[in-house]
1. For the range A:6-30, which residues satisfy the criterion of being open to solvent by 10 Å² or more (accessible area, probe 1.4 Å), assigned to a loop (DSSP other than H, G, I, E, B), touching a residue at least 24 places away in the same chain (Cβ under 8 Å) and closer than 25 Å to residue B:154 by Cβ?
2. In the list B:100, B:91, which residue meets the criterion of being away from chain A (no Cβ under 14 Å), of a type outside the set (A, V, I, L, M), in contact with a Leu (Cβ under 6 Å, 6 or more places away or on another chain) and more than 28 Å from residue A:43 (Cβ to Cβ)?
3. Test each condition in (1) at pLDDT 95 or above; (2) open to solvent by 20 Å² or more (accessible area, probe 1.4 Å); (3) acidic (Asp, Glu) for residue A:80 and report the one that comes out false.
4. Considering (1) surrounded by fewer than 15 Cβ atoms within 10 Å (Cβ to Cβ); (2) modelled with pLDDT of 95 or more; (3) within 28 Å of residue A:26 (Cα to Cα), say which one residue B:64 fails and leave the rest.
5. So if I check each of B:49, B:54, which one is assigned to a helix (DSSP H, G or I) and within 14 Å of chain A (Cβ to nearest Cβ)?
6. Give the range A:45-80 a look and list any residue that's more than 14 Å from chain B (Cβ to nearest Cβ) and either part of a loop (DSSP other than H, G, I, E, B) or free of Cβ contacts under 8 Å to residues at least 12 places away in the same chain (or both), or say none.
7. For the range B:108-160, give me the residue count where each residue is open to solvent by 40 Å² or more (accessible area, probe 1.4 Å) and within 14 Å of another protein chain (Cβ to nearest Cβ).
8. Does residue A:13 meet the test of being under 29 Å from residue B:171 (Cα atoms) and of a type outside the set (Phe, Trp, Tyr)?
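The values are calculated or read from the model by the stated rules, or taken from the named source; none is laboratory data. Since the model is a prediction, treat every value here as computed from it, not as a measurement. FYI the Cβ positions are ideal-geometry reconstructions off the backbone, even for glycines, and counts take in every protein chain you see. Note: areas computed on protein heavy atoms with side chains; ligands, DNA, RNA excluded. Shrake-Rupley method; radii C 1.70, N 1.55, O 1.52, S 1.80 Å.
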Amino acid sequence: MIARLTFVPDRLRVRVGDRISWTNRDIAPHTATALDRSWDTGRIDKDETKSIVVTADLSPAYFCRFHPNMKAHLEIVVDD
Amino acid sequence: MKLRYVLAILAVTAACAQTGANAQSAADLNDLEIAHVAYVADNIDIRYAHLALAISENPAVHEFARTMIRDHTAVNEQALALLAKLKAEPQDNFLSRNLQENSRKLIDEMSKLRGAAFDKRYAENELAYHKAVNDLVENTFIPNIENSEVKALFEAGLEIFKVHENHAAMMVKQVQ
């Protein structure tokens, strides 16, 4: 979720194959974008949801392209 | 110095002595006048952003300007939707008119600048403008708004504009 211009939670443990969804509860549009720009949800408007599927090589650090001070991190668990 | 200039304008317009029959203090504005000031302040920042997109060649400035257009447009749409729901019209007032007059002068000034000189002036003004308006919204408007839905919208807007203020501070460093 995105609320009050923060990613909630800002650290999230995920497994390969999981789908991560962001629903924007703010008035302002946001994105979830890898810091290295390797993935990007594109614009997420108010009350809209966008998602990505976790891959083993997914870049874990991400931010909002529109509000670069909004940052968060994924912890990717790779099953043996 | 730029910040002091903007703060001085707002302080003068917000707190100047009462003249004639109309109150000339920001603290005396009613909800519909406050909504008008906010709508005008949003549109002024959108105009500055369009000027930045037309003149600046700096990608960081363009990115910031596009965010200003996107976010202030989104806030204004919410404000208009709420006013429509409340069957109310925003009311013009002295503070809205002062803000518009000052913005016209600044647009004239900035329109004559090019390159790094424009970027620096735009960035510093964005920081000063957001600081000044945020202070007005947080300390004068929100405590005085009577309608709970209007107050909630201003509180949500303030959170966005505080992020803009931080973003503007980052842009000021980038264009030095």
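1. Within the range A:6-30, A:25, A:26 qualify.
2. Details: B:100 fails: in contact with a Leu (Cβ under 6 Å, 6 or more places away or on another chain).
When all the criteria are applied, what remains is B:91.
3. (1)
4. (1)
5. Numbers: B:54 fails: within 14 Å of chain A (Cβ to nearest Cβ).
Just a single option satisfies the conditions, and that option is B:49.
6. Taking the range A:45-80 as the starting set, the residues that turn out to be more than 14 Å from chain B (Cβ to nearest Cβ) are A:49-62, A:72-80.
Answer for the range A:45-80, where residues must be more than 14 Å from chain B (Cβ to nearest Cβ) and either part of a loop (DSSP other than H, G, I, E, B) or free of Cβ contacts under 8 Å to residues at least 12 places away in the same chain (or both): A:54, A:55, A:56, A:57, A:58, A:59, A:60, A:78, A:79, A:80.
7. 4
8. Values: under 29 Å from residue B:171 (Cα atoms): no; of a type outside the set (Phe, Trp, Tyr): yes.
Against the criterion (under 29 Å from residue B:171 (Cα atoms) and of a type outside the set (Phe, Trp, Tyr)), residue A:13 does not qualify.
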